[in-house]
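Asker: The following block contains the structure, expressed as structure tokens.
No value in this document is a laboratory result; all are computed from the given coordinates. Quick caveat, the model's predicted, so the values are computed rather than measured. Note that each Cβ is placed from the backbone with ideal geometry, even for glycine, and that neighbours are counted across all protein chains shown.
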Amino acid sequence: MTRLIDVTVPDIGDYKDVPVIELLVQPGDHIAADDPILTLESDKATMDVPAPVAGIVRELLAKVGDRVSQGSLVMKIETAEGGTAAAAAEAAQAAPPAPVAVPVAAAPAAPPPPPAAEPSAPAALPPALGGKVHASPSVRGYARELGVDLAQVRASGSKGRITREDITTHVKAAMSSGSVPGKTPAAAPGNGLDLLPWPKIDFAKFGPIETQPLSRIKKISGANLSRNAVVIPHVTNFDEADITDLEAFRVALNKEHDKSGRKLTMLAFLIKACVSALRKFPEFNASLDGDNLVLKKYFHIAFAADTPNGLVVPVIRDADRKGLYEIAAEAAELAKKARDGKLGPADMSGGCFTVSSLGGIGGTAFTPIINAPEVAILGVTKAQTKPVWDGQQFVPRLILPLCLSWDHRVVDGVLAARFLVHLQSVLGDFRRISLEG
Ligand code: CAO
């Protein structure tokens, strides 16, 4: 006995009227539960909707370009009569799609790659279906991000479809064999990382230990940070800004607004100063896309936020159009959402440049890793009162250390030094911001 199941769009968060950008199955296709059946794309994320049950696709009720929301009927699947009608109906709505956020360093929205099978050698494999590569847009985006040629990837999905895991497996295999993903070793002599295997040590031999699994955020951000550290030629420039007057101004304003609870943070000033520097040096407000540099005309500033589960990077949109109080309040709200584990893909996507502040904690300098596809990140450590020579005598000044990591494929040292000098002058006298058009 079989049953015809109505498949509807599951819970896709706050998204409504999202366009269907690809149908991944055809009537007559045999599919397994959780196979991707169609892809939706909002302005923030691409989502593959999984099949709620195994069966045969009988009717497509949505086409590419249709706009759908939670509950929209998209197809009918004939499934073997297993459970009750209620159970089948429930299954037809159960699994929410995994959104693939626009890549950010620590987006918890992107599912962590599952542990890959033993890597196989990435020899040039025939494409799954007669030379044509089948992969959803999100998988294609993932491949593009890692520089993988899909034609070289062994497909394990239904009907020869390449899955996200296939790409992860391919890259792992390429890394362990020392070749470049998507290229045969012969085509890229000497370009492989040729890394030694990770040391396998029985630590218990040396003393008592406790093993804890990494949090989901740590696993995702770890993979992103490793890629960024390996792929991007980082350089970090250091400088200092005299923030004596700025800090006095901030403290005075906070005292004034003590009762209302409105608070200006150093982070808000830093974000505003970075917008000013990004305006002056547009190469820093850019991303590499193959051989092109995409220059952004918007100013979405990300900031690193520490949470009990690891590092996340929420984004303040249009920071150029927001006032300092608005930026401070939004950063506080996003940092709270981050600590509560409630940031969504939209909160973490679209960043142009990141500020990573350890100022409230300590340190004199560090070398932050760039949050790809951004091209630079500003690290800030604790401001300290230091003696500064004013030409006649040493005077105590509050000095803020600045650490700018930048992508040497896009920026060079002179520009980075100028960027920091500009930050220094704005933070040294914030009235300069009011002179900008
Ligand atoms: N120097 C000296 N003191 C500083 C400072 C600086 N650069 N920045 C902040 N402080 C002090 C201030 O005195 C502030 O207290 P008051 O405003 O009450 O005077 C206090 O630290 C706390 O600052 P804050 O509440 O404004 O917090 P913050 O802006 O420093 O940080 C946030 C907010 C979200 C950035 C922070 O909580 C955080 O998560 N930081 C860690 C980021 C991180 O992990 N970076 C490393 C990533 S690896 O690249």
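Asker: Using the structure shown, list the pairs from K263/K386; K259/K296; K342/K382; K219/K280 with a Cα-Cα distance above 32 Å, or answer none.
Answerer: As for pairs spanning more than 32 Å Cα to Cα, those are K259/K296; K219/K280.
Asker: Okay, moving on. Below 17 Å, Cα to Cα, which aspartates and glutamates can K337 reach? Residues fewer than 8 away in the same chain don't count.
Answerer: Straight-distance partners of K337: D14, D306, E326, D347.
Asker: What Kirkwood Rh does segment 235-435 have if only Cα atoms enter the pairwise 1/r average? Answer in Å.
Answerer: 17.4 Å
Asker: Just flag the trypsin sites (Lys or Arg not before Pro) in segment 48-79 sitting in loop per DSSP whose Cβ has no more than 13 other Cβ atoms within 10 Å.
Answerer: Filter output for segment 48-79: K63.
Asker: Run through the DSSP bridge list for segment 217-354 and note the antiparallel percent, rounded to the nearest 5.
Answerer: 80 percent
Asker: What ranking, highest mean first, results for peptides 371-379, 288-296 when packing means the other Cβ atoms within 10 Å averaged over each residue?
Answerer: 371-379, 288-296
Asker: Measure out, as a whole number of angstrom, how far apart the alpha-carbon centroids of segment 306-335 and segment 58-78 sit.
Answerer: Taking the Cα centre of segment 58-78 as reference, the centre of segment 306-335 is 37 Å away.
Asker: Using only the Cα atoms of segment 307-350, each taken as one equal point scatterer with no solvent, compute I(q) by the Debye sum, divide by I(0), and report log10 of the ratio at q = 0.15, 0.16, 0.23, 0.26 Å⁻¹.
Answerer: Evaluating at q = 0.15, 0.16, 0.23, 0.26 Å⁻¹ gives log10 I(q)/I(0) of -0.36, -0.41, -0.78, -0.93.
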